[in-house]
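The values are calculated or read from the model by the stated rules, or taken from the named source; none is laboratory data. Note that the structure is predicted; figures quoted are calculated from it, not measured. Neighbour counts are summed over all protein chains in view; Cβ atoms, including those assigned to glycine, are modelled from backbone coordinates with ideal geometry. What goes into the accessible areas is simple: the full protein's heavy atoms, side chains included, and nothing from ligands, DNA or RNA. Shrake-Rupley method; radii C 1.70, N 1.55, O 1.52, S 1.80 Å.
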Amino acid sequence: GKSQTVVLPTAANFKRYLIFIMPKLILVGIQTLKGHKRKVGVVKFHPLVENVIATAGQDYEVRVWDVETGSSKFVTPGHTNIIQSLDWNYDGSLLCSNAKDKKVRIIDPRQQTVAAEGNSHVGVKGGRALWLGKHDKVVSVGFGSGASREYMIWDPKNMSAPLVKQTLDNAAGVI
């Protein structure tokens, strides 16, 4: 039958990451991306454009890469602590992030700016933020005061307060 090629990004503790292609489960390194000053924690494929990924490093930067050339096309500063999650919106024009500084951010990679940000979950445990498909809304999950698990739904055009804030329970695990 036909062999499938899988592109597999890997992040390592040494400030760069490798892109592998896997035809018939044989790993072949095709690109080493260099640019982050500290460890890379998040790698996300662009939802529409092949060979474009976004990365978040412990240098508090978000980078968008052209995997074929190995070049960093856009660099967005603006985070003040470790970025815990990163996600493309449905059409790939924006990213959302959640960081240890307890903020949810909307990132415009083409402008290389944080377009909006809101105060997120106040708990000490990690949080995450994701786009809600075609709905142009962001959901964040994390912990409130007293270690209660909660979620918030955000309008990326107005991040002054969440549209919805709901406490779920006091379980220990991340949602």
How large is the accessible surface per residue of segment 56-173, computed with a 1.4 Å probe and reported in Å² as a whole number? 47
Suppose we look only past 19 Å in the calculated P(r) of segment 76-160. What percent of the Cα-Cα pairs does that tail hold? 30
With respect to the cross-link table entries LYS39/LYS134; LYS34/LYS102; LYS100/LYS165, which display a Cα-Cα separation exceeding 26 Å? LYS39/LYS134; LYS34/LYS102
Less than 18 Å apart at the alpha-carbon level, and either on another chain or at least 8 residues along: which aspartates and glutamates does that give for LYS137? ASP87, ASP91, ASP108, GLU117, GLU150, ASP155
Return the carbon/sulfur percentage of the accessible area of segment 29-99, one whole number, probe 1.4 Å, all protein chains in place. 49
Of the listed peptides 51-64, 156-169, what is their order by residue-averaged count of other C-beta atoms within 10 Å, with the highest listed first? 51-64, 156-169
Using only the alpha-carbon atoms of segment 110-150, report the extent along each of the three principal axes, biggest first, to the nearest angstrom. 38, 22, 13
